[in-house]
1. Which condition number does C167 fail, the rest of (1) open to solvent by 40 Å² or more (accessible area, probe 1.4 Å); (2) in contact with a Leu (Cβ under 7 Å, 6 or more places away or on another chain) being met?
2. Out of curiosity, is A264 closer than 20 Å to P189 by Cα and either open to solvent by less than 10 Å² (accessible area, probe 1.4 Å) or in a loop (DSSP other than H, G, I, E, B) (or both)?
3. Can you give me the number of residues within the stretch 76-113 that are hydrophobic (A, V, I, L, M, F, W, C), farther than 23 Å from P156 by Cβ and open to solvent by 50 Å² or more (accessible area, probe 1.4 Å)?
4. Please enumerate the residues belonging to the stretch 139-171 that are charged (D, E, K, R) and within 18 Å of G112 (Cβ to Cβ).
5. Looking at the structure I just gave you, is A271 in a helix (DSSP H, G or I), in contact with a helix residue (DSSP H, G or I) (Cβ under 7 Å, 6 or more places away or on another chain) and open to solvent by less than 50 Å² (accessible area, probe 1.4 Å)?
6. Kindly indicate whether any position in the stretch 284-296 is basic (K, R) and open to solvent by 50 Å² or more (accessible area, probe 1.4 Å).
7. Can you tell me which residues in the stretch 306-339 are at pLDDT 85 or above, assigned to a loop (DSSP other than H, G, I, E, B) and closer than 21 Å to R270 by Cα?
8. I'm checking my understanding of the structure. Among residues of the stretch 218-259 that are of a type in the set (D, E) and either surrounded by fewer than 16 Cβ atoms within 10 Å (Cβ to Cβ) or touching a Ser or Thr at 6+ places or on another chain (Cβ under 9 Å) (or both), which one is nearest to A330 (Cα to Cα)?
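The values are calculated or read from the model by the stated rules, or taken from the named source; none is laboratory data. No experiment lies behind these values; they were computed from the predicted model shown. Backbone-built Cβ (ideal geometry, glycine too); neighbour counts: all protein chains shown. Just so you know, the surface numbers come from the protein's heavy atoms only, side chains and all, with ligands and any DNA or RNA stripped out. Shrake-Rupley method; radii C 1.70, N 1.55, O 1.52, S 1.80 Å.
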Amino acid sequence: AMPVRHGTASPGRRMRPAGPFLALALVPLIADAAHALAATAPRASLAASLRVRDDLRTASSPAGVGACLRRHGQAANRVNQCDAMVRLGRMADLPGARDQATTVMDAIAAGGHAALTPRQAANVIWAQSRLGLRRDVDALLDAALSPAAPVRISPPELCMTLYALSCLSHLPPPRAAAALDAAVVELSPRLRNRNVALSLYALAVAPAPPEGSPSAADSRLAAALALAAEASARTRAMRVTDLSMAAWGLATFATTHDWRAEEAGVALLRAAEGALAGRHGHMAGRDAAQLLVACARLRHDEGRLVDLLAAKLLQLLPRGELGDADVVNALWGLARLGLCAAGWGGGAAGPG
């Protein structure tokens, strides 16, 4: 083929066609342009999603959250939808939060729960527990525990999910329940402090299986969490609130399931005694009442803990800082320890 002549056409004369060589030369240019467009689309989508995120952060009401998602339309992706659910979960006490969350859950379901990351699914379950919703919980749990996810669920997210399920009184189907228990057992050596406390509390208040009897999986889960609780308690790094929640959960599960948990229970209660007697001794009425119940259920009357708790309750009662449930629980614990008739002190008998 003749080489292509470049230049300006003379008046009245048409340019000769460039022939196949120009077309071949354009191929890599067209390919580069296509790659550039493909790369630009995710960047544009990310920029739009970030704008939605920033807008959601300024929403001060459930209606504002809903208006933000409607305003951005298709630019609001599943990341934004999950963020909106978390935002609504934090607004659970405000009017309209449940209605807006229901609309967001419709959008999440339309996109497919399997597309969610474990963190997103866990956050949505938590938000629903705050809002009292029970939409697609099992599908969300499957996404949270998916073994195919590039990034697996983290210990805090797992404990948050376990706690949220207990708040919803939701009993997962057997396969999902087994996967949840296995994940907690696997990650239990990495659980500390608040995560342990939430998990033990959730274990204690979780609904019983249909047959009503504890399973071997429950016992394995409790044993794993007890070891994690004992390790956390011995570090002396747990806050009083977490010690109270963990001790109450452990003692309650041990009592209702006829399961022995003395070592971990004593470690938690001794850590609570040290925290209460030391400079970290600030304690709410609910914490004191829960610890008294734990002492009674674990038959723990050693050391100064019971006396310290009784003194704390006597301080809080005149200030109106004890709720009705706290008073009832505290009196039940003291009665089981045999201290009511002894003036909240002296030798304590075990529960009768």
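1. It is condition (2) that C167 fails.
2. Details: closer than 20 Å to P189 by Cα: yes; either open to solvent by less than 10 Å² (accessible area, probe 1.4 Å) or in a loop (DSSP other than H, G, I, E, B) (or both): yes.
Considered against the rule, which asks whether it is closer than 20 Å to P189 by Cα and either open to solvent by less than 10 Å² (accessible area, probe 1.4 Å) or in a loop (DSSP other than H, G, I, E, B) (or both), A264 comes out as yes.
3. Of the residues in the stretch 76-113, 2 are hydrophobic (A, V, I, L, M, F, W, C), farther than 23 Å from P156 by Cβ and open to solvent by 50 Å² or more (accessible area, probe 1.4 Å).
4. D142
5. Details: in a helix (DSSP H, G or I): yes; in contact with a helix residue (DSSP H, G or I) (Cβ under 7 Å, 6 or more places away or on another chain): yes; open to solvent by less than 50 Å² (accessible area, probe 1.4 Å): yes.
In short, yes.
6. Of the residues in the stretch 284-296, the ones basic (K, R) are 286.
If we keep only those that are open to solvent by 50 Å² or more (accessible area, probe 1.4 Å) too, we end up with 286.
Yes: one or more hits.
7. Hit for the stretch 306-339 is L337, nothing else.
8. First pass over the stretch 218-259, keeping only residues of a type in the set (D, E): 218, 230, 242, 258.
Now narrow it down to the ones that are either surrounded by fewer than 16 Cβ atoms within 10 Å (Cβ to Cβ) or touching a Ser or Thr at 6+ places or on another chain (Cβ under 9 Å) (or both): 242, 258.
On the way: D242: 18, D258: 23 Å.
Checked the stretch 218-259; the qualifying residue nearest to A330 (Cα to Cα) is D242.
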